[in-house]
Amino acid sequence: MKDQINELRKDALNSLASVTSRLELDAWRVRYLGKKSCLQAVLKGLGSLPADERKIAGAETNRLKNELECLLREKQAALEAASAQSPGQQDSLDITLPGRPASLGRLHPVTKVLHEMGVIFTSMGFEVVEGPEVEWDYYNFEALNIPKEHPARDSMQTFWVDMPTGEKGWEMLLRTHTSPMQIRVMEKQTPPLRIIVPGRVFRYEATDTTHIPMFHQIEGLAVDKGITMADLKGTLYEFSRRFFGPERKVRFRVDFFPFVEPGVDMAVECAVCKGDGCRLCGQSGWIEILGAGMVHPRVLEAGGIDPEEYSGFAFGMGIERVPLLRYGIDDIRLFYSSDLRFLRQF
């Protein structure tokens, strides 16, 4: 055993003399002092020795371990000193290691859906426009046939902006829908009009599987002579066919919205339960994705268009609910949880 220990000492010293970098020194440490090192193999062999020899060999082995640890510290100090004296010459770059791949970003699933929807509607003749996220209450409510006393305001819990009112007594708020751009566009352009308005909207409401206080909408507006409800349904059916596929069922029901008359809501068959009912769709088998209808005459008048000569349709769609339906996602909050495991799927 003594000869084995001496041979190990000689081999370790010769090997240490040829070490010239931290990487090589770490490899030396693992070989001679690691958990599976040559020294550990010697320690495991002590159990087979007679008691008197085991004591002597154990002392020699511990002495060798202390000696190698001391030599390791001295070599580390020497390498650090050499590196400080000639920076960039030693250990600055290890060309033997593989390169670390750059982590590439990608579009958020909501952004991808917005782009795809924009392609579908522009192919049908709609123009993409954008509007301010901080809006006057006149454009957000009153010009859309929602006066101050109207109960529909209660359903749009609003983030008001604390600032002096404008010259006309208007107040500012974070827009609750993208519909204000209907008025802004009609004030500046003459029919025929076909626009879509994508953007963020804000509502002060509780968060659950289908509601969040900040979300995205896409507004649609078409104004021309002779437009009817058939044009509206045909447009939305074509969008649904292209986006969700021809096999998905679509449902229209009569609904009320102050800025359209008559009004409808459009729902798409739930992608999670396939119409059987689940927690996402409230056991109904359907998820409402938009409200729509024929533009109310008062809204046309507020935009400076004669309702006796022109008619139009409008719709407003919550963007986050669309990928819920398409991919069978059961919680809208996942889009904004910053969980890369979820986002990398799209």
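The values are calculated or read from the model by the stated rules, or taken from the named source; none is laboratory data. This structure is a prediction, so every number in the text was calculated from the model and none was measured. Cβ coordinates were reconstructed from backbone atoms using ideal geometry, including for glycine residues, and neighbour counts include every protein chain displayed.
Give the residues of the stretch 191-211 that are within 28 Å of GLU127 (Cα to Cα) and either in contact with a helix residue (DSSP H, G or I) (Cβ under 7 Å, 6 or more places away or on another chain) or among the charged types (D, E, K, R) (or both), sorted by residue number.
Filtering the stretch 191-211 down to residues within 28 Å of GLU127 (Cα to Cα) leaves 191-203.
LEU193, ARG194, ILE195, ILE196, VAL197, PRO198, ARG200, ARG203, listed by residue number.
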Practice task
Output the qualifying pairs, or none if there are none: Cβ atoms under 8 angstrom, residues six or more apart or on different chains, first residue in the stretch 4-16 and at negative phi, second residue surrounded by 16 or more Cβ atoms within 10 Å (Cβ to Cβ) and of a type in the set (Val, Ile, Thr).
Solution key: GLN4/VAL42; ILE5/VAL42; ILE5/THR61; LEU8/VAL42
Handout entry: Residues (crowded, with 16+ Cβ neighbours inside 10 Å and not in a helix (DSSP H, G or I)) located in the stretch 1-20
Key = MET1, VAL19
Practice task
Test each condition in (1) farther than 23 Å from GLY285 by Cβ; (2) of a type in the set (Asp, Glu); (3) modelled with pLDDT under 90 for GLU269 and report the one that comes out false.
Solution key: (1)
Practice task
Filter the stretch 90-139 down to the residues that are within 21 Å of ILE196 (Cα to Cα) and polar (S, T, N, Q), then identify the one that is modelled with the lowest pLDDT.
Solution key: THR111
Handout entry: From LEU72, LEU39, residue being assigned to a helix (DSSP H, G or I), at pLDDT 80 or above and assigned by TED's automatic domain parsing to the domain that holds LYS10
Key = LEU72
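Looking at the structure I just gave you, is ARG251 modelled with pLDDT of 90 or more and of a type outside the set (A, V, I, L, M)? It would help to see each step written out before you state the result.
Working: modelled with pLDDT of 90 or more: yes; of a type outside the set (A, V, I, L, M): yes.
Taking the combined requirement at face value, the residue satisfies it.
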Fill in the blank from the handout: Of the conditions (1) touching a residue at least 24 places away in the same chain (Cβ under 8 Å); (2) more than 13 Å from the chain's Cα centre (by Cα), the single one that PRO307 does not satisfy is (1)
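For the stretch 31-55, which residues satisfy the criterion of being of a type in the set (A, V, I, L, M, F, W, C), surrounded by 12 or more Cβ atoms within 10 Å (Cβ to Cβ) and without any contact (Cβ under 8 Å) to a residue 24 or more places away in the chain? Give the steps one after another, and end with the answer.
Step one: of the stretch 31-55, the residues of a type in the set (A, V, I, L, M, F, W, C) are 33, 38-39, 41-43, 46, 49, 51.
In the following step, the residues that additionally are surrounded by 12 or more Cβ atoms within 10 Å (Cβ to Cβ) were identified as 33, 38-39, 42-43, 46, 49.
Residue satisfying the conditions is LEU43 alone.
Condition first: touching a residue at least 12 places away in the same chain (Cβ under 8 Å) and either of a type in the set (Lys, Arg) or over 16 Å from GLU219 (Cα atoms) (or both). Now tell me which residues in the stretch 239-266 satisfy that.
To start, the set of residues in the stretch 239-266 that are touching a residue at least 12 places away in the same chain (Cβ under 8 Å) comprises 239-240, 242-244, 248-253, 255, 257-266.
Of everything in the stretch 239-266, those that are touching a residue at least 12 places away in the same chain (Cβ under 8 Å) and either of a type in the set (Lys, Arg) or over 16 Å from GLU219 (Cα atoms) (or both) turn out to be ARG242, PHE243, PHE244, ARG248, LYS249, VAL250, ARG251, PHE252, ARG253, ASP255, GLU261, PRO262.
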Exercise for the section: Could you run through the stretch 312-326 and say how many residues are modelled with pLDDT under 80 and either outside the structural domain of PHE259 (by TED's automatic domain parsing) or over 30 Å from GLU261 (Cβ atoms) (or both)? Expected result: 1
Problem - Test for LEU23: is it assigned to a helix (DSSP H, G or I), at pLDDT 80 or above and surrounded by 15 or more Cβ atoms within 10 Å (Cβ to Cβ) - result: no
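Where in the stretch 185-255 are there strands (runs of 3 or more DSSP E), lying fully within it, with 2 or more residues that are within 21 Å of the chain's Cα centre (by Cα)? Can you show your working first?
Details: elements: 193-202, 214-224, 250-255.
Of the strands (runs of 3 or more DSSP E) lying wholly inside the stretch 185-255, those with at least 2 residues that are within 21 Å of the chain's Cα centre (by Cα) span 193-202, 214-224.
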Exercise for the section: Would you be able to tell me the number of residues in the stretch 256-271 that are surrounded by fewer than 18 Cβ atoms within 10 Å (Cβ to Cβ) and part of a loop (DSSP other than H, G, I, E, B)? Expected result: 1
Exercise for the section: Could you give me the residue pairs with C-beta distances under 6 Å whose first residue belongs to the stretch 108-124 and is more than 16 Å from ILE332 (Cα to Cα) and not assigned by TED's automatic domain parsing to the domain that holds LEU334, whose second residue is surrounded by fewer than 15 Cβ atoms within 10 Å (Cβ to Cβ) and among the aliphatic types (A, V, I, L, M) wherever it lies, and which are 6+ apart or on separate chains? Expected result: none
